[in-house]
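See below for the structure under consideration.
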Amino acid sequence: MPDLEKFSQKHGLKVVSIADIIAYRMRTESFVHKVAETILPTAYGEFKAIAFLNDIDQYEHLALVKGEIHPEKEILVRVHSQCLTGMCSAPFAATADPSSRELWRLWRRKASG
């Protein structure tokens, strides 16, 4: 590295590390992209289902959105870790997780979330 620093000073060049490049890209680029969107009718109201794809690991993510989202207003949010079927089956399955059913009931009472 000392030789590289001498060379860069001699020629008026900047030196950056791979870590610097990675940090810069993480700050300035988006690696998650919307790939699909549809309306999901449920017994608890109508939701917009938005699918996203992560370019880094190819994982897919799904956002269920009710109503209009306004950045200045608080909204109800729930995050799941790769347990989509349990979450989405709650409005339809008698055996669904009680906390998921309660979330759907809360969403029904809220204008957005």
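The values are calculated or read from the model by the stated rules, or taken from the named source; none is laboratory data. Just so it is clear, the model here is predicted, and its values are computed rather than measured. Please note: Cβ atoms are built from the backbone with ideal geometry, for glycine as well, and neighbour counts cover all protein chains shown.
Scan the range 1-23 residue by residue and report those that are among the small types (Gly, Ala, Ser) and in a helix (DSSP H, G or I). Correct list: SER8, ALA19, ALA23. If you filter the range 9-36 down to residues that are over 16 Å from the mean Cα position of the chain (by Cα) and of a type in the set (Ser, Thr, Tyr), you find that the one that is surrounded by the fewest Cβ atoms within 10 Å (Cβ to Cβ) is THR28.
Would you call PRO91 modelled with pLDDT of 85 or more and in a loop (DSSP other than H, G, I, E, B)? Here the answer is no, as PRO91 does not meet what is asked. Taking the criterion of being part of a strand (DSSP E or B), touching a residue at least 24 places away in the same chain (Cβ under 8 Å) and under 20 Å from LEU106 (Cα atoms), the residues of the range 24-46 that qualify are LEU40, THR42, GLY45. For the range 37-58, the set of residues classified as surrounded by 10 or more Cβ atoms within 10 Å (Cβ to Cβ) and more than 24 Å from LEU103 (Cα to Cα) consists of LEU53, ASN54, ASP55, listed by residue number. When restricted to residues that are among the basic types (Lys, Arg) and modelled with pLDDT of 85 or more, the range 40-72 contains 1.
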